Amino acid sequence: MLELLAPAKNAEIALAAIKAGCDAVYIAGPSHGARRAAANSISDIHRVVDAAHPFGVKVYVTVNTIIYDHELDAVERMIWELWRAGVDALIVQDPGLLRLNLPPIDLHASTQCDIRTPDKARFLHSVGFSRVVPARELSIDELAEIHRAVPEVEIEAFVHGALCVSYSGDCRASAMAGNRSANRGDCAQICRLPFNLTDTRGNILIENKHLLSLRDLNRSESLREMAEAGVSSFKIEGRLKDADYVVNIVAHYSRLLDEIVAESCGKFQRASFGHSRCNFTPSPVKAFNRGFTTYFTSGRAPDDGMASIHTPKAIGEKVGTVVSSTGSVISAHLSAPLANGDGLGYFDRDNRFCGFRLNRIDGTKLYPAQRLSIPAGTTLWRNKDKAWDETMASARCSRTIRVDMELKLLPGLDRIALHLSDERGCSASAIIPLPSPAPEALTPQETHRSKILSKLGDTIYTPGQISDRVGCRFIPASALAQLRREAISALDSAARATYRRRERFAEKLSATLPHGTALSFHDNVANHLSRQFYCDHGATEIQPAVELSRPEGETVVMTTRYCLRRELGRCLKTPQGRRWPNPLWLQNANLRLRLDFDCSRCGMNLILPDRNEL
């Protein structure tokens, strides 16, 4: 089964994503989701469940922050409410949840659990998680290694959206430098700030650049390979994105997965039902993005880099090159049609991104809203596409389930039956009485009856094959409409009655951590239940999370697979790199971080110095 997993900031976006073709949505409940600004009430979650389940679409709720002791009882009550609302699974970080009195709800291990190895995936599966969300930094080969080692656990992998520069769950920069914890859903996005890169003497090597700001992930070209590697859920990042973004990206990836299924000769199939139709052609390049990267999909850093160091904002798509600029008029070679009202941008001589509104276009002459002097040869980008905005303003998606119908008279000719069967495997019938016997019609009735039975406009169904076995008998239109309504209602009831949620399996106390395992603050232990959980599974020493007790001395606040030296062409293994001796520092106002380059794994740590060192 291939599942397209869509983000939803709120119920309306979740409903739009379902219509656009997702197989599951993930959304926050009232509290303890890793996006504090995206909380939702239980009643809204219930509304999403009611719309999702008829299509076999799953609803996962994020409870993926660390939890403090005084919050455990409230979280337990919230989870019971989510279970009663029909939620299919929780996406969680804190293992203390396993020790609460929970309903038998399915549990998924969040990417906040920092899952990088088969051993970590195996352990999490053995203690009760049916699914793991590995680190975004893992390559397809590394995902395949997890699948081979633990084939019984589902793998959910990110395919699109914003990237954290640090391994998720292993970032403390916001908590320790800004008193806003990412592990509590309140990340200050320090990685999007501009920094000076300096040497140990304070000499500025690079000035005022967004050196930690990564481009956005786009694995559109790798879905088939990921599926072959064992990935079953393809996850789109974006629980703070608007509806236009989510609908566009969901429609794009849904089409790609449909193509993979169609070409797989039955090996793959979608995890939900129904056919989605949108009145626009999806385009990821039209959505907000900082430029795209495949990240470490192949196991290597992309040759063209993975960071957007000049701006953390969306630059849009390349649309042309400046030929000349006279202040009020720009002459350009254009590679895409432009429209009055477009937003354009360019990088100036200092590589700062500058934007302007296009008032008017006349052939290859552009008339900006302000006077500009742009050097010839400068690339123009469009980050506001007026025509696309208008397209999305009128964008509509619908989703329907095909239902086949069989109409027949029952023995005695005084009753008529309509039997329905659909692609979900559900079936239902309705029977109503007729005047006995039903009179014969003077003209053929099949076309007329088919037209009445096909009127399913206010339902989620679309007519498939209609088998009419009534012959020449006359059936009043009102009777056929009543029969159709009753049969559809019965089919809805059958779908609700047969929907099954997967239940969580028991924690195996026999599962143990490697002998002598000592947990540091990197393991985010924040309550007594988590401590007890790890003790029961063999931990010998447990250090509390930084949110409870700030470590003494210097602290690793980010662990990354991204290497700034490599990104800038200054790898320590090259002559160019050795011209920048270690250590290097990032400086933004009062925030100063030392860079520790780990060449053995081709990665980097960011160190917050001891307070006495600052």
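The values are calculated or read from the model by the stated rules, or taken from the named source; none is laboratory data. Keep in mind the model is a prediction, meaning the values are calculated, not measured. We place every Cβ from the backbone using ideal geometry, glycine too, and count neighbours over all the protein chains shown. Areas reflect the complete protein model, heavy atoms only, side chains present, ligands, DNA and RNA absent. Shrake-Rupley method; radii C 1.70, N 1.55, O 1.52, S 1.80 Å.
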Please calculate how many Å² of accessible area the stretch 298-350 carries per residue, with a 1.4 Å probe and no DNA, RNA or ligand atoms counted.
47 Å²
Using all Cα-Cα distances in the chain, what percent lands in each 10 angstrom bin from 0 up to the longest?
3, 14, 22, 23, 17, 11, 6, 3, 1, 0, 0
To check my understanding: the extent here is largest minus smallest coordinate of the Cα atoms along each principal axis. What are those three numbers for the stretch 230-287, in Å, largest first?
35, 26, 21
Starting from the Cα of Thr117, step 7 Å toward the Cβ, then list every residue of the stretch 494-525 with an amide N under 19 Å from that point.
511-525
So, in Å, what gap is there between the alpha-carbon centers of the stretch 163-211 and the stretch 233-251?
26 Å
Where in the stretch 359-379 does the label zone of Phe347 land, with the point 7 angstrom along Cα→C-beta and an amide N cut-off under 12 Å?
378-379
So which lysines can Lys267 reach, going by Cα to Cα under 22 Å and dropping same-chain residues fewer than 8 places off?
Lys58, Lys235
Binned at 10 Å from zero, the C-alpha pair distances of the stretch 41-166 give percents of 12, 39, 35, 14, 0
If you project the alpha carbons of the stretch 322-417 onto their three principal axes, what span does each projection cover, largest first, in Å?
89, 27, 20
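Please give the FRET efficiency for Cys354 paired with Glu76, using the beta carbon to beta carbon distance and R0 = 56 Å, rounded to the nearest 0.05. Working shown, then result.
Numbers: r = 52 Å, r/R0 = 0.93.
Using R0 = 56 Å, I get an efficiency of 0.60.
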Computed magnitude of the charge dipole of the chain (debye, nearest 20; Cβ of K, R +1, Cβ of D, E -1)
1340 debye
Picking from Leu344, Leu193, Ala74, whose Cα lies most toward the positive end of the charge dipole for the chain (charges on Cβ: Lys, Arg +1; Asp, Glu -1)?
Leu344
Taking the Cβ of Ser272 as the centre, find all other residues whose Cβ is under 11 Å away and add up their charges (Lys, Arg: +1; Asp, Glu: -1).
+1
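Quote the charge dipole size of the stretch 228-365 about the Cα centre in Debye, to the nearest 20; the model charges only the Cβ of Lys and Arg (+1) and of Asp and Glu (-1).
Roughly 280 debye, rounded to the nearest 20.
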Taking H placed 1.01 Å from N in the peptide plane, check which residues at least 5 places from Met558 or on another chain put their amide H under 5 Å from its amide H.
Arg172, Leu606
Sorted peptide list for 504-512, 311-319, criterion being average Cβ within 10 angstrom, highest first
311-319, 504-512
Apportionment of accessible area to carbon and sulfur, the chain, percent (1.4 Å)
49 percent
Of the DSSP H helices in the chain, the ones reaching 20 Å or more along their long axis in Cα terms and averaging at least 0.0 in Kyte-Doolittle hydropathy are 243-262, 477-498
Spin-label model distance (nm) - Lys313 vs Asp492, 7 Å beyond Cα toward Cβ:
4.8 nm
Around Ile66, with a cut-off of 9 angstrom between Cβ atoms, what is the net charge of the other residues, counting Lys and Arg +1 and Asp and Glu -1?
-1
Rounded to one decimal in nm, the spacing of the 7 Å Cα→Cβ label points at Glu446 and Asn588 is 7.0 nm
Electrostatic dipole magnitude of the stretch 154-213 [Cβ: Lys, Arg +1; Asp, Glu -1; Cα centre; debye, to 20]:
280 debye
Per residue, how much accessible area does the stretch 1-117 show when a 1.4 Å probe rolls over the protein heavy atoms, in square angstrom?
29 Å²
Estimated inter-spin distance, His515 and Gln370, nm [label 7 Å along Cα→Cβ]
6.9 nm
